[in-house]
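To keep things clear, I will list the structure first and then write my remarks on it.
The values are calculated or read from the model by the stated rules, or taken from the named source; none is laboratory data. Given the structure is predicted, the values throughout are model-derived calculations rather than measurements. We place every Cβ from the backbone using ideal geometry, glycine too, and count neighbours over all the protein chains shown.
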Amino acid sequence: MNKNIGVYVCECGPNIPERIDIDKVVNEISSMDEVKTVKKYSLMCSNDGKKFLKQEIEKEELTHVVVAACSPKDHENTFMKVCEEAGMNPYLFQIVNIREQCAWMIPDKEEATSKAIQYIQAGIHRVLFHEPLEKKELEINVDALVIGGGISGIEASLSLAGPKRKVHLVEKTDSLGGMAGKLSQILPHQGSKIKSVKEKIEQAKNNENINISTSSEVKEIRGFLGNFEAVIKSTPENGEEKEQEIKTGAVILATGFDLFDLKENPAYGYEKNENIVSALEFEDMINSEKIVLKNGKKPKSVALIHCAGRKEKGYCSKVCCLYNLKFAHYLKDNFPDIDVKELYMDLCLPHKQDQSYFDQAKEKGVEFIRMDEVVKTKSSGDQVEIEYKDNDKTDKLKADMVVVAPAMVPSKDTSHLAELLNLPLDKSGFFKELHEMLDPVATPMEGVYITGCALGPKNIPESMTQSHATSGKILSSLIPGRKIVPEVKVSKIKEELCTGCQTCLSVCFYGAISYDPFKGVSVVNEAICRGCGNCVGSCPSGAIHSKHFTYTQLYQEVLDALR
Amino acid sequence: MNNNQKETKINPEKGKALSSSKGIREEILNIFKKALADDIFDAVMIPAKVPNTDAYSWILLQDESLFEMADPLPPVMAVQGGRALSSFSKNGELDLKIAALMRPCEIRAAVELFKLHQINLNHITLISIDCPGATPLTDYMNDPKKLAETYKKISEKWEVSESLRPACQNCHRFSLIDGTAADLHIGLLGKNDKVTLIPISSKGNEILEKLGYEPTDSLEEWKSNREKLLKEKIKNREKFIKEWQEKINKTDGFFNELNKCINCHNCMNACPICYCQQCYFDSQNITFKPETYLQKSKEKGALRFPLNTMLFHIGRMSHMVLSCVSCGACEDACPVSIPVGRLFSMVGDQTQKEFDYIPGMNREEPLPLQDFKEEEFCEVETPNECEEKVTEEAK
Amino acid sequence: MAKAIRIKNNVEEGLFEFLKSLLEKEKIKGVFTLKKMDEEGAASYSLITSVDEFKNAVPLFPYMPVNAGKELSNFTLLGKTEEPIAAVLRPCELRAFVELAKRAQGDFENILTVSLSCGGVLDLNTMGEKNQEDLISKYWDSVKKAEVSPNTRETCQFCENFLPLNADITVATVGNKDLDKEFTLFFNTPNAEEFAKEASGSSVSAEIESNEINEFKKKREELKEKYFKETETDENGLKSLINIFAPCLGCHGCSHVCPICYCTLCEFDSKTHEYPTPSLSSDLQKKGGLKVPSGNLLFHLGRMTHMAVSCVSCGMCSDVCPVNIPVATVFSKVGASLQKEFDYFPGKDVEEPAPQGTYKEDEFTKIGEQ
């Protein structure tokens, strides 16, 4: 193929000519055999500039173009588009940065000029080895995969599902509802009743655009926004194990939380005394309307212990103070003479009506005792004696029943899913959001979002908000009919040189490389590869190369740059 | 780790001692004959002398009559066992039960290759053996009868003789019972007529039981003989490392050792770890136009041919030295007697220490370059925060 | 007739000075020849462009660490050199370069080839050893007397093609008793004559052929018969090859240093020849055992099929073999008979295409008839 290279030196207004002798550059470059034409232009990224470039390509029948201007991050795409519009393959284009890398940092004009010339020569020699890569268009998949059938997952599914957008809702246990479904009532002062959760579950079940798989887990998943592939494995108790492969456009992680194992701190005496129960067990008691001691009698005094596991985990679980108030109100409302004490480290009452809820509890006679930690609990006759410390002063109290509120911890599946999707976890093991302030439901993996307690302790309204946020992100980016162009500058493995050692696989962040056991080689999935090049660097034999960054291309640049 | 390798390591306190009047070779071969006959293995990979020649090779045998040419500890290590094992076991699933009897460095090389998916250990039982070393391949090929005799003498006495390969003189991993590399170990240290079978993994234990060799004998005597020799060999190795560090730390020390190199790549081809189909340094990636070569020549006044000789060594080192098992196959293969095995072994030793990694010792331990640890090399990544940590550790 | 210049200097120094002056006067931009790497006797080929570095050049050093033809091919693989250089190579290295150039693996243009009547090279395992100096001095004695030097490669001992073909300049060494004091440079081609002016000596009327040369050739031919017979391939065919290659480790060092083996990835290094694991059960059943790694003999036979017709008997293969297999002798023997069948002499003419690429209608008609 005849190679007609056009080189255009942009002045970028006054920016570049102040420090670089543009005419000298044009002169030097024009003496190169490989160059068909070299011209200068005042501002190439302007509309006139782009028009000029397009005309030049057509007039001079250029096959390759080099533009010496600003940073590729600024205008590489701009000029590539022009090339494409002019009928040239946009990948036979190279931008050379003579602004940031020459004009803006070298005070001496002669030095800056000679460096600019060197760089442009390097760019020209590089572009000679470019391949005319072809873009492919993929129609995006606008469906969503929601992992976790608790209230957050259900809400996300409901807000997303529609006739043009299916939702796959995958739940590990055999029923929907998660932790919220186990509550006796959602805080009455927040205006909701438990039946709201049950209603949501029914809505999800009746929605024909939501495909629910219970007793199921996601076994494999890879891809990116608009283009995910996943394998869902179902193991129903009375039924056959089956695997389902689905294609989807986005993933929402709503895997919720587990509770701190009270056995980890023997001071709480959990499981040592049958009248010491966890908050969840107490919810159960309320649900079945049977608040009784193990001896069948009704308790005359109840101690509610806050903050179990807070010191161990290093964070406040946010919701326990409120539900302990709920317990206190319930006890006082249903057992008028009952003595209720609450042992707390700090009180967390951030919402609009929380303060008055607390004041009301006090009015009902609930006693609030501040403590640093529970030292130990032991049986004292029929009662439980709690020894606690506050500011080095130890004190004791006795109660018939003790309810301990455990911290919220990441659910057991979090780390496994994080590995599957290459997602970071924070110090406490919760999923880490992309940016705590500016992007709180996104992850570094485009197309994967998180909502609810999978991100950290929060209450139901907050979970609903986050679920709406994830839906919002998906609704605005996965528009039916839109097409995506996956990365063109991907990696490629030469089969005859690959020995299947899978070193590249182990360093691929995107799961874009898989091993073919039949051929004994690794294979790059070009639809998922992002062209980061980690694999290229990791292969000792050079069997894998990057399509737009081949050794030859890079070496040509370096050779000139070092001359 | 793939291949479902979840062998549990057992701490060998007991073994099975077998005394043979016919000698150690016969005793060992009998064990394998029995195992083949009892269908415990379908085939055995063992060193063998090629009939009508003085040459040694490996044979994968199924027919008992072929044991005639077998020799568990030949005077040379012609082809590194890890390489031999990989040559037939990497392209698909084996449907045969195979036992491979190899020297400890060969076992460790096989484990490294397993981690690199070049050996499928699914149906392979690795059997290691106490190794007295081997003689240099060139010396042996120049006078096979003489070297065979010399070897017989020094190996019976477990002498760390200068007639052994430098790699063997400096080797302290001659008896593999630590780690999860081998399934079974054949102990020879001690009286010349005793062979002690020591189970290392549960698979090894199973095999002994199937053979009717319950491991009920004490290992005290063997362990104490091993300790004695180990002490001597550790001292040797430390001396060798120190000597070579000094040699290389001199100006151009590394390059001086490679002055004679003709870039034949025999070292790479003999190396069990070098598994690439085509070495990067043989690829077209590093071929350039004549003017580029002339330019390079003008920069220093001369350009050595063959090209990229030093690059090849440094590159190969950076690619494989973390898995180097110091077997010395490279040095045996070098036509111009460059001490390449000693060079790589010393550098390997030092770099492996940095990663706290012993190649081939444990099957489950991931390769350092494929294992990401969040906190690693703080001296390089966060030197300011690390200063305190380093001084603490130094204390 | 070639122009001959007699130079009054010992041959090593004289050639050195001649090449140095060419470099100094910029008649050539570089010299490709052997260069000392250290004081212990290691030498390597080098493309020397500065006069200062040239001081370590040892053009006639009696070793062949690599076949220079292969290296010149690597140098000119992607095109011809634009700047003129001189290359000092032995006759077999020059012939190897011809074989490569005709297959588009190298380019002769702008290369001034300097060769010599060759007494052979010493075994590589003596390079840098304590007795090297002694060996070298004995070697030169043999060269002067036109006797076969016992410490040279086997292929050198039986090489009858020790006079270079198509070299621009030839240094006459073999059979010249006064090599310590004087030697003759032959300028064979029109290209070379330009450089004759730079030789500081007197023009003489001489020919490189002589009685000593002819006697030497006869001695070597005798040795060839002897070494070829020792392979026993005539009597025992494949069986003898099995025994000869029995120690083979499969390192493929022979093919890697062979100048004719130019493939970027040799078929026998590729996956094509890896052992197919699923065949193991049936192979073991059939034979009872399998030598592993397997395929070594096939490698040699295959390589022979691919390159023996161009074998220049340089002996690099035997020299690098870790287990002393006389690869070069076997390949030379097979090569010689193949070359006879095709009436082809490797390295004779760069324009003559290699036999594999030519079709003659009436060729091997006997085979067809039988």
- Query: Looking at region C:36-59, is at least one residue farther than 21 Å from residue C:191 by Cβ, surrounded by 16 or more Cβ atoms within 10 Å (Cβ to Cβ), out of contact with any strand residue (DSSP E or B) (no Cβ under 9 Å at 6 or more places or on another chain) and not charged (D, E, K, R)?
  - Reply: yes
- Note on the structure: Checked against (1) modelled with pLDDT of 95 or more; (2) assigned to a loop (DSSP other than H, G, I, E, B); (3) within 11 Å of chain C (Cβ to nearest Cβ), residue B:93 satisfies every condition except (1)
- Query: How do the helices (runs of 4 or more DSSP H) wholly within region C:257-370 filter down when requiring 2 or more residues that are more than 22 Å from residue C:224 (Cα to Cα), in contact (Cβ under 8 Å) with a residue 24 or more places away in the chain and not assigned by TED's automatic domain parsing to the domain that holds residue C:108: which remain?
  - Reply: C:296-307
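Results for (1) buried (at least 21 other Cβ atoms within 10 Å of the Cβ); (2) within 14 Å of chain B (Cβ to nearest Cβ), shown as yes or no for each residue.
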site: A:470; (1), (2): yes, no
site: A:476; (1), (2): no, no
site: A:484; (1), (2): no, no
site: A:492; (1), (2): no, no
site: A:499; (1), (2): yes, yes
- Select from region B:174-186 the residues that are surrounded by 23 or more Cβ atoms within 10 Å (Cβ to Cβ) and in contact with a helix residue (DSSP H, G or I) (Cβ under 7 Å, 6 or more places away or on another chain) and write down the one among them that is nearest to residue B:113 (Cα to Cα). B:181
- Item | Residue that is in a loop (DSSP other than H, G, I, E, B), surrounded by 22 or more Cβ atoms within 10 Å (Cβ to Cβ) and either under 15 Å from the mean Cα position of the chain (by Cα) or modelled with pLDDT under 95 (or both), where the choices are B:100, B:84, B:109, B:78 | B:78
- Note on the structure: Filtering region A:132-189 down to residues that are surrounded by fewer than 22 Cβ atoms within 10 Å (Cβ to Cβ), hydrophobic (A, V, I, L, M, F, W, C) and closer than 30 Å to residue A:488 by Cβ yields A:133, A:138, A:140
- Going through region A:19-47 in order, the residues found to be under 16 Å from residue A:114 (Cβ atoms) and either assigned to a loop (DSSP other than H, G, I, E, B) or within 46 Å of the chain's Cα centre (by Cα) (or both) are A:19, A:20, A:21, A:31, A:32
- Query: Inside region A:204-228, can you point out the residues that are modelled with pLDDT of 90 or more, of a type outside the set (A, V, I, L, M) and surrounded by 15 or more Cβ atoms within 10 Å (Cβ to Cβ)?
  - Reply: A:207, A:209, A:211, A:213, A:214, A:215, A:216, A:217, A:226, A:228
- Message: Looking only at region C:110-165, filter to residues that are polar (S, T, N, Q) and within 14 Å of another protein chain (Cβ to nearest Cβ); which one of those is nearest to residue C:26 (Cα to Cα)?
- Response: C:110
- Matching residues in region B:334-363 (away from chain C (no Cβ under 14 Å), in a loop (DSSP other than H, G, I, E, B), surrounded by fewer than 23 Cβ atoms within 10 Å (Cβ to Cβ) and touching a Cys at 6+ places or on another chain (Cβ under 7 Å)) number 0
- Query: Which one of these does residue C:195 not meet: (1) in a helix (DSSP H, G or I); (2) in the same structural domain as residue C:164 (by TED's automatic domain parsing); (3) touching a strand residue (DSSP E or B) at 6+ places or on another chain (Cβ under 6 Å)?
  - Reply: (3)
- Of all the helices (runs of 4 or more DSSP H) wholly in region B:192-297, which have at least 1 residues that are in contact with a strand residue (DSSP E or B) (Cβ under 8 Å, 6 or more places away or on another chain) and either crowded, with 16+ Cβ neighbours inside 10 Å or away from chain A (no Cβ under 14 Å) (or both)? B:202-211, B:220-249
- Out of C:284, C:297, sole residue that is within 9 Å of chain B (Cβ to nearest Cβ) and buried (at least 16 other Cβ atoms within 10 Å of the Cβ): C:284
- Scan of region C:20-30 for residues that are surrounded by 21 or more Cβ atoms within 10 Å (Cβ to Cβ) and either of a type outside the set (A, V, I, L, M, F, W, C) or at the interface with chain B (Cβ under 9 Å from one of its Cβ atoms) (or both), ordered by number: C:30
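This table checks each residue for (1) within 12 Å of the chain's Cα centre (by Cα); (2) assigned to a strand (DSSP E or B); (3) among the acidic types (Asp, Glu).
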position: C:45; (1), (2), (3): no, yes, no
position: C:77; (1), (2), (3): no, no, no
position: C:98; (1), (2), (3): yes, no, no
position: C:106; (1), (2), (3): no, no, no
position: C:134; (1), (2), (3): no, no, yes
- Note on the structure: Scanning region C:248-261 for residues that are of a type outside the set (A, V, I, L, M) and in contact with a Leu (Cβ under 9 Å, 6 or more places away or on another chain), the one nearest to the other protein chains (Cβ to nearest Cβ) turns out to be C:248
- residue C:131 passes all but one of (1) of a type in the set (S, T, N, Q); (2) without any contact (Cβ under 8 Å) to a residue 12 or more places away in the chain; (3) surrounded by 24 or more Cβ atoms within 10 Å (Cβ to Cβ); which number fails? (3)
- A careful count of residues in region B:47-73 that are more than 7 Å from chain C (Cβ to nearest Cβ), surrounded by 21 or more Cβ atoms within 10 Å (Cβ to Cβ) and touching an Asp or Glu at 6+ places or on another chain (Cβ under 8 Å) gives 3
- Message: Please go through (1) under 15 Å from residue B:361 (Cα atoms); (2) buried (at least 24 other Cβ atoms within 10 Å of the Cβ); (3) of a type outside the set (Val, Ile, Thr) for residue B:116 and return the number of the only condition it doesn't satisfy.
- Response: (2)
- Would you check which residues across region C:145-160 are in a helix (DSSP H, G or I) and surrounded by fewer than 19 Cβ atoms within 10 Å (Cβ to Cβ) and list them? C:145
- Message: When you check residue C:164 against the structure, is it under 21 Å from the mean Cα position of the chain (by Cα), part of a loop (DSSP other than H, G, I, E, B) and modelled with pLDDT under 95, yes or no?
- Response: no
- Residue in region A:303-318 that is assigned to a helix (DSSP H, G or I), touching a His at 6+ places or on another chain (Cβ under 9 Å) and not aromatic (Phe, Trp, Tyr) present: no
- Item | Complete set of residues in region B:119-142 that are outside any helix (DSSP H, G or I) and at pLDDT below 95 | B:119, B:120
- Condition set among the aliphatic types (A, V, I, L, M) and within 11 Å of another protein chain (Cβ to nearest Cβ), scope region A:505-543, selection surrounded by the fewest Cβ atoms within 10 Å (Cβ to Cβ): answer is A:507
- Is one or more of the residues making up region C:262-276 modelled with pLDDT of 90 or more, within 30 Å of residue B:135 (Cα to Cα) and more than 10 Å from chain B (Cβ to nearest Cβ)? yes
